[in-house]
Amino acid sequence: MAAGTGTVAAVSRYPSVSVVVPTRDDRPVSLSAAIRAAVTQDYPGQIEVLVVYDQCTPGRTPLPGLGGAPAVAGAPGPAGVPAPTGPDRSVRVLTNTRTPGLAGARNSGTLAATGELIAFCDDDDEWLPGKLRAQVDALTASGAAFVSCGIRVSYDGHTVERVLDRDSINLVDLLRDRMTELHPSTFLVHRATALRDGFGLVDEEIPGGYAEDYDFLLRAARAAPLANLRTAYVLVRWHQRSYFARRWDTIAAALQWLLARHPEFATQPTGHARVAGQIAFARAAGGDRRDALRWARRTIRGNPRERRAYLALAVAGGMVRPDTVLRALHRRGRGI
């Protein structure tokens with residue numbers, strides 16, 4: 001009985017966690033890996049995984065081991081996805097009932113969640129061992145409402161580790177630099193203090209849902225500094241079939257929306273120039289040479305050392321293809 005009492009006490013010290021995993025109907029293998037990595041975390045508290053299908057019907061591509069229906073604690077299943085291993089693990093399958101797209105899917109899962117903490121994980125990423133316990137411990141120790149961690153980026157056979165050498169990130173830090181390390185699959189937040197009473201849900205108005213994670217970070221940091229772990233606890237897979245790989249007009253529109261939504265960028269010229277350079281590159285990649293040149297000039301005025309402006313000019317001038325630039329950056333674990 002003493003051992004059982006100790007187990008209950010250990011679990012009670014750790015808050016329940018809901019993991020929101022947006023997906024579509026063409027990714028059963030990677031989705032299975034994402035679920036497996038979440039439910040097998042060495043975490044004493046409860047974990048529920050909410051798989052949110054966006055713009056598709058869950059039954060079209062059943063999850064291995066789940067049969068396309070909600071899994072329950074202890075349900076048997078084949079090796080593709082291990083069944084939840086006890087009363088402290090569960091998997092639920094939902095559909096996106098809000099705005100079509102990633103933002104609406106994240107919010108559908110968040111609003112259906114029962115956990116005290118909300119975590120995000122993309123369906124092609126995997127949590128590494130120790131991720132959840134380390135982040136919950138960091139939240140408790142720091143008193144923060146939001147914690148992130150480092151990532152291990154895998155692209156085209158190359159793996160690069162990206163870890164921030166800092167324990168806390170504030171709004172000014174994020175205005176100056178997007179910090180690729182702060183990937184949505186690393187986000188863990190208090191549901192009540194952050195999402196309900198604080199900075200709110202993921203914004204569904206941003207064009208195409210692009211950069212919704214950056215907007216989310218900016219609003220969170222505006223409320224209070226974010227905690228960060230100096231360890232890579234998430235495997236992030238980048239690939240050319242990304243939903244935004246060639247939607248250049250959407251990317252440019254979303255980034256302009258971001259600048260308008262966050263007037264604080266005006267206080268950080270290098271940060272503003274960075275986003276302007278991204279817009280210039282997107283316009284150049286989309287074939288709008290005139291607008292690309294306009295945004296490149298604006299970028300250089302804000303920060304003559306901003307390399308994105310010169311990459312945009314090279315693309316606009318036909319000297320290099322945008323895909324070539326992106327492949328070179330992705331092999332180094334970086335984006336435009």
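What order do you get for 56, 149, 121 when you list them from fewest to most C-beta neighbours inside 10 Å? Working shown, then result.
On the way: 56 14, 149 28, 121 24.
Fewest-to-most Cβ neighbours within 10 Å comes out as 56, 121, 149.
Could you quote the convex hull projected area for segment 248-331, Cα atoms only and averaged over all directions, in nm²? Intermediate values should be presented prior to the final figure.
Values: hull surface 20.6 nm².
One quarter of the hull surface, i.e. the mean projection, equals 5.2 nm².
For segment 248-331, what does the relative contact order come out to in percent, with C-alpha contacts under 8 Å and a separation of six or more? Show your work: numbers first, answer last.
Details: 112 pairs, mean separation 23.0, N = 84.
For segment 248-331, the relative contact order is 27 percent.
A simple spin-label model places pseudo-atoms 7 Å from Cα toward Cβ; at residue 142 and residue 260 they are separated by 3.3 nm. The H on the amide N of residue 148, modeled in the peptide plane, is under 5 Å from the matching H of 227, 228, 229, each at least 5 residues off or on a different chain. The fewest-to-most ranking of 47, 336, 279 by surrounding Cβ atoms within 10 Å reads 336, 47, 279.
For the pair residue 298 and residue 13, label points projected 7 Å from Cα toward Cβ lie 5.3 nm apart.
Of (i) 20.8; (ii) 23.2; (iii) 21.5, which one was derived for Kirkwood radius over Cα pairs in Å from the structure shown? Recomputing Kirkwood radius over Cα pairs in Å here gives the entry labelled (i). Within the shell of other residues whose beta carbon sits under 13 angstrom from the beta carbon of residue 207, the net charge comes to -4, with Lys and Arg scored +1 and Asp and Glu -1.
Among beta bridges identified by DSSP and lying wholly in segment 126-240, the antiparallel ones come to about 60 percent.
First measure r as the distance between the Cβ atoms of residue 307 and residue 170, then evaluate 1/(1 + (r/R0)^6) with R0 = 25 Å and state the FRET efficiency to the nearest 0.05. For residue 307 and residue 170, the calculated efficiency is 0.50. Amide H contacts of residue 95 (H built 1.01 Å from N, in plane; Pro and chain starts excluded): 53 sit under 5 Å, all sequence-distant by 5 or more or on other chains. Based on C-alpha pairs under 8 angstrom that are at least 6 apart in sequence, segment 88-187 has a relative contact order of 26 percent.
In whole percent, what relative contact order does the chain give with Cα contacts below 8 Å and a gap of six or more residues? Relative contact order here is 15 percent. Summing charges over neighbours of residue 236, with a neighbour being any other residue whose Cβ is under 11 Å away from its Cβ, gives -3 when K and R count +1 and D and E count -1.
Restriction of the chymotrypsin sites (Phe, Trp or Tyr not before Pro) in segment 239-336 to DSSP coil positions whose beta-carbon has at most 15 other beta-carbons within 10 angstrom yields 243, 244. Considering only 167, 249, 197, give the residue with the highest GNM mean-square fluctuation for the chain, with springs between Cα atoms whenever their separation is below 10 Å. Greatest mean-square fluctuation among the candidates belongs to 197. Take the Cβ atoms of residue 320 and residue 27, set R0 to 22 Å, and the FRET efficiency comes out at 0.10. Relative protection proxy for 124-131, 312-319, 30-37, from highest mean packing down: 30-37, 124-131, 312-319 (other beta-carbon atoms within 10 angstrom). Remark: 57, 231, 250 ranked as 57, 231, 250, counting other beta-carbon atoms within 10 Å and listing the fewest first.
Comparing 287, 101, 150, which has the greatest mean-square fluctuation in the GNM of the chain with Cα pairs linked when under 10 Å apart? For the chain, modelled as a Gaussian network with Cα springs under 10 Å, the answer is 287.
Given the rule -39500 (n - 2.57) for each run of at least 4 DSSP H residues, summed and divided by the residues of the chain, what is its mean residue ellipticity at 222 nm, to the nearest 500 deg cm²/dmol?
On the way: 11 runs with 129 residues, N = 336.
When only DSSP H runs of four or more count, the value is -12000 deg cm²/dmol.
Any read-out appearing in this document is the output of simple, stated calculations on the displayed coordinates, not a laboratory observation. Only a predicted model underlies this, so the values are computations on that prediction, with no experimental measurement involved. Note that we place each Cβ from the backbone using ideal geometry, even for glycine, and neighbour counts take in every protein chain shown.
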